[in-house]
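Have a look at the structure below, then the notes.
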Amino acid sequence: MLNNQSIFFNNNLTFRFNPFGGITPEELNQIIVPKSFFSKIKNLIESPTPIIIELVGKKGRGKTTHLTFLQQLFPHLPIVHLTKNNNTLTDNLFTEKIIFLDSIHHLSFQKRIQIYRHFDKVILTTHQTRILEYKWARQKHTNFYFRGLKKEDLQQVIENRIQSALLHPTKEKIEINEAYLSQLILTFKDNFRGILNHLYENFKH
Amino acid sequence: MPHRFLETQIVFSNQNSTLFPGEVGKGELILKPKIDLEVHLFGYHVAMEGRGQTAVITKLNNETVLIKNVKLLKGETYRYDVEIVGVLPPTYAGENISFYWRVETFIELQGKSYDQVRNSLLKKFKLLAAINPNKKLSTFKSVYFKAPDTPYSVNSIPLSLNQTGFSPLSIGLVFMIFFFLACGLLDYPANLGAIILFAIVLLFAFVIPHYYKARLLDKIEFVANTTENNQLSLNFILPDNRKKISKLKVQYKIVEKVIDDRGTSSYTYHHPIYRSATKEKRTPQKNTEFIFDFPDKNTNTMVSFQIGDISFYWEVNVIIEFDYGGESTFAQKIFVEQKDVNWNP
């Protein structure tokens, strides 16, 4: 039932690329609808108190997106996207006081403890909370849970994505298929990435 | 708000701006400032964007600076010659990745002009654009790069096809799971007899056929090559117990592989973008050759090639049917390039 439907009704739009795939950091600025606790995290980063800030949630809920966006507000601070093949931190990073770390589970336990102790502030993403590790490292910590998805937010993101993928920007209102949007939330719940992947696969140029 | 500060036009003499690798395209860049602009640097580059189910990848080429420390005057028209060279990878519209190329201008304002543009953006609450006012004045035009026209070439080292399907370890695991399931369902130890019977059935259904097939044939050697007529030759060397082989079925495919590393988890997409016809031979000889056409260059295909998390591979798939009715499947990658072109620098 979800297939063969279009998420928008406008039929005169020309796209430069599929709006539901990967985006550049600049596009992210125009697309993201930040979570309500976003400014709280920003204030924590700006405050002088050392702290570990954990963005925690299941995959596809927007942790990495928010981490990337946050870092763009502090462009002088380093961000490392760890992966299976890229799981080391270079020595020069350790001269910094604050670091953004995506997918901390790619590091070993010892390395993680070392990082919690070394940096004044670590802003990290993880699937499960690592409270016990922070306690082990005797560091102050706070966490922000990524769960739930508001229909208005999803709609806004989809509109923004369509706008930024157009060949020529339009003043026309993007008419979103709201019934379809509701079905997507029913099917995928708060799995934002799942919804975007589905829209990517069903997008017709 | 287009053209509020600077109108930029990129015009190519070649109407559709389509280029082969190495081919030169000529055009013109026309600037019409709407305000006086103090320019520190202005030029253009050719940029690729790989977009799809993964993070955007970009590649810059051909960077050319046209002016340095010049004041452009309001109302004047400035014209510059533009020259771009076609490069690889070609423009490509795939399933989980697409490559787009464009000519893009870049500008660095200085002095009052920078402040003027930034303040104007701030006044209109374009806060994020105001972080980099220079970006606001850049523009682009899409160009299309074609794959080279030279014949395909295949590395002709002998390869062996490995049997796909279960590994002994996974078979063992499945067997264990079924066995414990049976223990639970059939109330161990009261029905020990039934459980042993179940285990024997499982053994006959899964494990024995697998090892029988592996003993019959667990590897086939083959050599991939290009024929004089620019076709793909796959020459199979079958083992001596080939009498048990009743049929050999062969096909090759080109697969687009995209690793999505966005976020805290990773996913890999394998999408076949081309499948050859399936060819078969009954009671094959010890040396059996299959000749295939290469895909038409007009179709959206790729040679063996990798860029970042994106790669394209060619894979030979073989199905062998045995006299007793069973069949085994085999797969092996082959490396296909184009003559005189280096796709993987």
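If the condition is being of a type in the set (S, T, N, Q), open to solvent by 40 Å² or more (accessible area, probe 1.4 Å) and under 18 Å from the mean Cα position of the chain (by Cα), then the range A:44-66 contributes only A:65.
Take the conditions (1) open to solvent by 30 Å² or more (accessible area, probe 1.4 Å); (2) of a type outside the set (Ser, Thr, Tyr); (3) within 14 Å of the chain's Cα centre (by Cα); (4) on the phi < 0 side of the Ramachandran plot; residue B:249 misses just one of them, which is (3). Being on the phi < 0 side of the Ramachandran plot and assigned to a loop (DSSP other than H, G, I, E, B) holds for only one residue in B:317, B:298, and it is B:298. Among the criteria (1) in a loop (DSSP other than H, G, I, E, B); (2) away from chain B (no Cβ under 14 Å); (3) not β-branched (Val, Ile, Thr), the one residue A:86 does not fulfil is (2). Which ones in the range A:119-143 are within 14 Å of another protein chain (Cβ to nearest Cβ) and outside any strand (DSSP E or B)? The answer is A:127, A:128, A:129, A:130. Number of residues in the range A:167-187 that are farther than 12 Å from residue A:151 by Cβ and either at pLDDT 95 or above or more than 13 Å from chain B (Cβ to nearest Cβ) (or both): the value is 6. Against the condition within 14 Å of chain B (Cβ to nearest Cβ) and either in a helix (DSSP H, G or I) or free of Cβ contacts under 8 Å to residues at least 40 places away in the same chain (or both), how does residue A:161 come out, does it pass? Here the answer is yes, as residue A:161 does meet what is asked. What do you reckon, is residue A:103 out of contact with any strand residue (DSSP E or B) (no Cβ under 7 Å at 6 or more places or on another chain), within 14 Å of chain B (Cβ to nearest Cβ) and either at pLDDT below 95 or open to solvent by 20 Å² or more (accessible area, probe 1.4 Å) (or both)? For residue A:103, the condition - out of contact with any strand residue (DSSP E or B) (no Cβ under 7 Å at 6 or more places or on another chain), within 14 Å of chain B (Cβ to nearest Cβ) and either at pLDDT below 95 or open to solvent by 20 Å² or more (accessible area, probe 1.4 Å) (or both) - is not met. Taken as a whole, the range B:25-41 holds no residue that is within 14 Å of another protein chain (Cβ to nearest Cβ) and farther than 20 Å from residue B:136 by Cβ.
Against the conditions (1) in a helix (DSSP H, G or I); (2) within 22 Å of residue A:60 (Cβ to Cβ); (3) more than 14 Å from chain B (Cβ to nearest Cβ); (4) open to solvent by 30 Å² or more (accessible area, probe 1.4 Å), residue A:41 satisfies every one except (4). Across the range B:86-101, the qualifying residues are those that are open to solvent by 20 Å² or more (accessible area, probe 1.4 Å) and assigned to a strand (DSSP E or B), and the one among them that is nearest to residue B:8 (Cα to Cα) is B:100.
So that you can scan it fast, the table gives a plain yes or no per residue for (1) modelled with pLDDT of 95 or more; (2) surrounded by 13 or more Cβ atoms within 10 Å (Cβ to Cβ); (3) within 27 Å of residue A:75 (Cβ to Cβ):
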position	(1), (2), (3)
A:92	no, no, yes
A:99	yes, yes, yes
A:122	yes, yes, yes
A:140	yes, no, yes
A:148	no, no, no
A:158	yes, yes, no
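Looking across the range B:254-267, just one residue is more than 11 Å from chain A (Cβ to nearest Cβ) and open to solvent by 40 Å² or more (accessible area, probe 1.4 Å), and that is B:257.
If you scan the range A:1-17, which residues turn out to be out of contact with any Phe, Trp or Tyr (no Cβ under 8 Å at 6 or more places or on another chain) and open to solvent by less than 20 Å² (accessible area, probe 1.4 Å)? Within the range A:1-17, A:10 is the sole residue that qualifies. When residue B:77 is tested against (1) crowded, with 18+ Cβ neighbours inside 10 Å; (2) of a type in the set (S, T, N, Q); (3) over 30 Å from the mean Cα position of the chain (by Cα), only condition (1) is not met. Among the residues examined, residue B:19 does not qualify as surrounded by 14 or more Cβ atoms within 10 Å (Cβ to Cβ), over 28 Å from residue A:21 (Cβ atoms) and at pLDDT below 95.
In the range B:102-121, the residue that is surrounded by the most Cβ atoms within 10 Å (Cβ to Cβ) out of those that are closer than 30 Å to residue B:273 by Cβ and more than 12 Å from chain A (Cβ to nearest Cβ) is B:103. For a quick check of your reading: which strands (runs of 3 or more DSSP E) sit entirely within the range B:167-285 and have at least 1 residues that are closer than 17 Å to residue B:318 by Cα and at pLDDT below 90? In the range B:167-285, B:219-226, B:231-237, B:245-260 are the strands (runs of 3 or more DSSP E) which contain 1 or more residues that are closer than 17 Å to residue B:318 by Cα and at pLDDT below 90. Of the residues making up the range A:192-201, those that are open to solvent by 40 Å² or more (accessible area, probe 1.4 Å) and either more than 11 Å from chain B (Cβ to nearest Cβ) or charged (D, E, K, R) (or both) are A:193, A:201.
For the condition within 13 Å of chain B (Cβ to nearest Cβ), of a type in the set (Phe, Trp, Tyr) and open to solvent by less than 30 Å² (accessible area, probe 1.4 Å), residue A:20 qualifies.
Restricting attention to the range A:164-179, the residues that are assigned to a helix (DSSP H, G or I) and surrounded by fewer than 17 Cβ atoms within 10 Å (Cβ to Cβ) add up to 2.
Scanning the range A:28-38 for residues that are open to solvent by less than 20 Å² (accessible area, probe 1.4 Å) and either touching a strand residue (DSSP E or B) at 6+ places or on another chain (Cβ under 7 Å) or more than 14 Å from residue A:73 (Cβ to Cβ) (or both) yields one hit, A:31. Collect the residues in the range A:23-38 that are out of contact with any Leu (no Cβ under 6 Å at 6 or more places or on another chain), within 14 Å of another protein chain (Cβ to nearest Cβ) and not aliphatic (A, V, I, L, M), keeping them in residue-number order. Result: A:24, A:25, A:26, A:27, A:30, A:34. Checked against (1) more than 21 Å from residue A:192 (Cα to Cα); (2) assigned to a loop (DSSP other than H, G, I, E, B); (3) not hydrophobic (A, V, I, L, M, F, W, C), residue A:34 meets all criteria but (1).
Taking the listed residues B:141, B:136, B:124, B:59, the one that is more than 14 Å from chain A (Cβ to nearest Cβ) and not small (Gly, Ala, Ser) is B:124, with no other qualifying.
The values are calculated or read from the model by the stated rules, or taken from the named source; none is laboratory data. Computed from a predicted model, the values in this text were never measured in an experiment. Please note: Cβ atoms are built from the backbone with ideal geometry, for glycine as well, and neighbour counts cover all protein chains shown. These accessible areas exclude ligands, DNA and RNA; they are computed on the full protein's heavy atoms, side chains included. Shrake-Rupley method; radii C 1.70, N 1.55, O 1.52, S 1.80 Å.
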